[in-house]
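Peer 1: Here's a structure for you.
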Amino acid sequence: MSEQDSSYSWQTLDRDLNRLSRLEAATMYASRPLIGAGLSLLFVGVAAIAAGLIVGQTPGAIFVVVAAGFGAYMALNIGANDVANNMGPAVGAGALSMAGAIAIAAICESAGALLAGGDVVDTISKGIVAPESLADERVFVTAMMAALLSAALWVNLATYIGAPVSTTHSVVGGVMGAGIAAAGLGAVSWTTMGAIAASWVISPALGGIIAAGMLAFIKWKVIYVEDKIAAARTWVPVLIGLMAAAFASYLALKGLKRVMSIDMPTALVIGGAVGLLCTFASVPLIRYQAKGLENRNRSLKVLFRMPLIISAALLSFAHGANDVANAVGPLAAIVYTQETGGAVTEVAIPVWVMLIGAIGISVGLMLFGPKLIKMIGNQITKLNPMRAYCVALSAAVTVIAASWLGLPVSSTHIAVGGVFGVGFFREWHAERRARLIHEARPPARRVPSEERRRRKLVRRSHFLTIAAAWVITVPAAAGLSAICFLALSLFSI
């Protein structure tokens, strides 16, 4: 073979290998969703088998096995949807990589669920359905299974369309729908449902207002001053202390309830002490980080990056402590009912049930979480570390304020409302500055007002999609639950 023929052969081989590499990459990209679905099914199957081994040959063990599968499925969906609210702003601001965010969230979610998750949870979701309407053991178990399955299906659909929804509201809708199917409309506490419906407005509004207010404060006290770095050395420790106070108060209420009963005033005192300590402790750290920084906005991002990462981790810990019950509360109720033969309004959560919830949330986050993390972090409005920190601080402060006032709120709605609040404040502020500049210019150089108004900093399509998903979450989950209850009743006859 001549040298020319040999060179041609090698070039042909290179082209063929390049085509094969492209084909392999395309195949991997196309099969990625199937891998996630397969691993999810594997986890659900392992959870069901583990439940079967634990309960053994007891009467009604089949219900526990099936319910464990439903609970694992729900936990996967909580990880895929809810956790994005905590990590999305940090990823969108560039403070964390996607891999780093998933690793931190998985660890903190699991730690929150196992260390601070409630020993006792409400199985009828705080009085949504009258307990006497589900007094029959078989009806109660079927209703809890229907609530779990319907809530998981709805959250799965919401994740698919890219809408962060409240898993708490999904479970509430599931319980309501099963209660109506089992005992009619009279079994539902419509006063409680009215309060939950009010939270659709209260939660995002509070989160948005507080986040916008914090961003306005940062702009006023730090960004729009002559010496930005000196202002940051003064105010960033105060903001860190405020964040620490909010989280310490929240975790004192949630995480210490296994040891002692703490009321709101005591939790606020604990939070205030921790906040002051963190404020003074962060002063030398911020001064050290500020050395050599230029007097410009880009330098400020450095000072907010680490507090933002810590706040995202704390949000995940608090979320794991609070929302794991959404996945495993009904499952724990089914286990207790099969063991004792009676339906209850409160039930202790066994360790193995809590493990299903904690591991499921982490697995769901790793497999499906990046989609909503990207949406919240990048696609609603542009975030930087200062804006993302305002969102995280808003989520912590709003939950404490709502608990103090006794208002029913959703952590999902608060966090996403904070992102929208920051975005709409940016729009208002940009329009205001453009108007002032416009009025200061000569008439020949002024920009038409219609062109200024077209400069939107929040994507309206996401706003409408998310708002619609929030409004229909409870009725959609309720409708699915009623169908699931009737279908499961046929199998349990």
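The values are calculated or read from the model by the stated rules, or taken from the named source; none is laboratory data. Being a predicted model, the structure only gives us computed values, none of them experimental. Reconstructed Cβ throughout: ideal geometry from the backbone, glycine too, with neighbour counts over all protein chains shown. Heavy atoms of the whole protein, side chains included, go into the accessibility calculation; ligands, DNA and RNA do not. Shrake-Rupley method; radii C 1.70, N 1.55, O 1.52, S 1.80 Å.
Peer 1: For region 82-108, give me each residue that is open to solvent by 20 Å² or more (accessible area, probe 1.4 Å) and aliphatic (A, V, I, L, M).
Peer 2: Once the filter is applied, which keeps residues that are open to solvent by 20 Å² or more (accessible area, probe 1.4 Å) and aliphatic (A, V, I, L, M), region 82-108 yields V91, L96, M98, A99, I102, A103, I104, I107.
Peer 1: Here is a follow-up. Please note which helices (runs of 4 or more DSSP H) are completely contained in region 344-455 and include at least 2 residues that are modelled with pLDDT of 85 or more and under 23 Å from the mean Cα position of the chain (by Cα).
Peer 2: Helices (runs of 4 or more DSSP H) meeting the threshold: 351-374, 385-405, 411-440.
Peer 1: Only residues that are surrounded by fewer than 22 Cβ atoms within 10 Å (Cβ to Cβ), more than 18 Å from L308 (Cβ to Cβ) and modelled with pLDDT of 80 or more: list them for region 239-269, please.
Peer 2: If the condition is that a residue be surrounded by fewer than 22 Cβ atoms within 10 Å (Cβ to Cβ), more than 18 Å from L308 (Cβ to Cβ) and modelled with pLDDT of 80 or more, then P265, T266, A267, L268, V269 are the ones that fit.
Peer 1: Has region 215-238 got any residue that is under 20 Å from the mean Cα position of the chain (by Cα) and surrounded by 15 or more Cβ atoms within 10 Å (Cβ to Cβ)?
Peer 2: Taking every residue of region 215-238 in turn, none turns out to be under 20 Å from the mean Cα position of the chain (by Cα) and surrounded by 15 or more Cβ atoms within 10 Å (Cβ to Cβ).
Peer 1: If you check every pair at least six apart or on different chains, which have Cβ atoms under 6 Å apart with a residue in region 184-196 that is touching a residue at least 24 places away in the same chain (Cβ under 8 Å) and crowded, with 17+ Cβ neighbours inside 10 Å first and a residue that is small (G, A, S) and part of a helix (DSSP H, G or I) second?
Peer 2: A187/S133; A187/G179; V188/G179
Peer 1: Right, here's the next one. Return yes when I262 is aliphatic (A, V, I, L, M) and assigned to a loop (DSSP other than H, G, I, E, B) and no when it is not.
Peer 2: Taking the combined requirement at face value, the residue satisfies it.
Peer 1: Across region 42-68, which residue is modelled with the lowest pLDDT among those that are closer than 15 Å to G360 by Cα and open to solvent by less than 10 Å² (accessible area, probe 1.4 Å)?
Peer 2: For region 42-68, the residue satisfying everything is A51.
Peer 1: Suppose we filter region 270-293 for residues that are more than 27 Å from G112 (Cβ to Cβ) and in contact (Cβ under 8 Å) with a residue 60 or more places away in the chain; how many remain?
Peer 2: Residues that pass the stated criteria total 2.
Peer 1: Same structure again: Assess whether S203 counts as being of a type in the set (S, T, N, Q), at pLDDT below 90 and open to solvent by less than 20 Å² (accessible area, probe 1.4 Å). Walk me through it before giving the result.
Peer 2: Details: of a type in the set (S, T, N, Q): yes; at pLDDT below 90: yes; open to solvent by less than 20 Å² (accessible area, probe 1.4 Å): yes.
Judged against the criteria, S203 is a match.
Peer 1: If you go through region 164-179 one residue at a time, do you hit one that is open to solvent by less than 10 Å² (accessible area, probe 1.4 Å), among the hydroxyl-bearing types (S, T, Y) and farther than 18 Å from I361 by Cβ?
Peer 2: no
Peer 1: Sticking with this one: I need every pair where a residue in region 210-222 that is on the phi < 0 side of the Ramachandran plot and without any contact (Cβ under 8 Å) to a residue 40 or more places away in the chain has its Cβ under 7 Å from the Cβ of a residue that is surrounded by fewer than 23 Cβ atoms within 10 Å (Cβ to Cβ) and assigned to a helix (DSSP H, G or I), sequence separation at least 6 or different chains.
Peer 2: Note: pairs meeting the criteria are K221/A231; K221/W235.
Peer 1: Moving on to the next point. With the checklist (1) among the β-branched types (V, I, T); (2) more than 25 Å from M375 (Cβ to Cβ); (3) assigned to a helix (DSSP H, G or I) in hand, flag the one item V225 doesn't pass.
Peer 2: (3)
Peer 1: State all residues of region 310-343 that are of a type in the set (S, T, N, Q) and either open to solvent by less than 30 Å² (accessible area, probe 1.4 Å) or at pLDDT 80 or above (or both); if no residue qualifies, say none. Even if it seems obvious, please write down each step before you answer.
Peer 2: Step one: filter region 310-343 for residues of a type in the set (S, T, N, Q), giving 311, 316, 322, 326, 337-338, 340.
Within region 310-343, S311, S316, N326, T337 meet the criteria.
Peer 1: Can you pull out the residues in region 270-301 that are over 19 Å from F247 (Cβ atoms) and either open to solvent by 60 Å² or more (accessible area, probe 1.4 Å) or not in a helix (DSSP H, G or I) (or both)?
Peer 2: Within region 270-301, P284, R287, Y288, K291, G292, L293, E294, N295, R296, N297, R298, K301 qualify.
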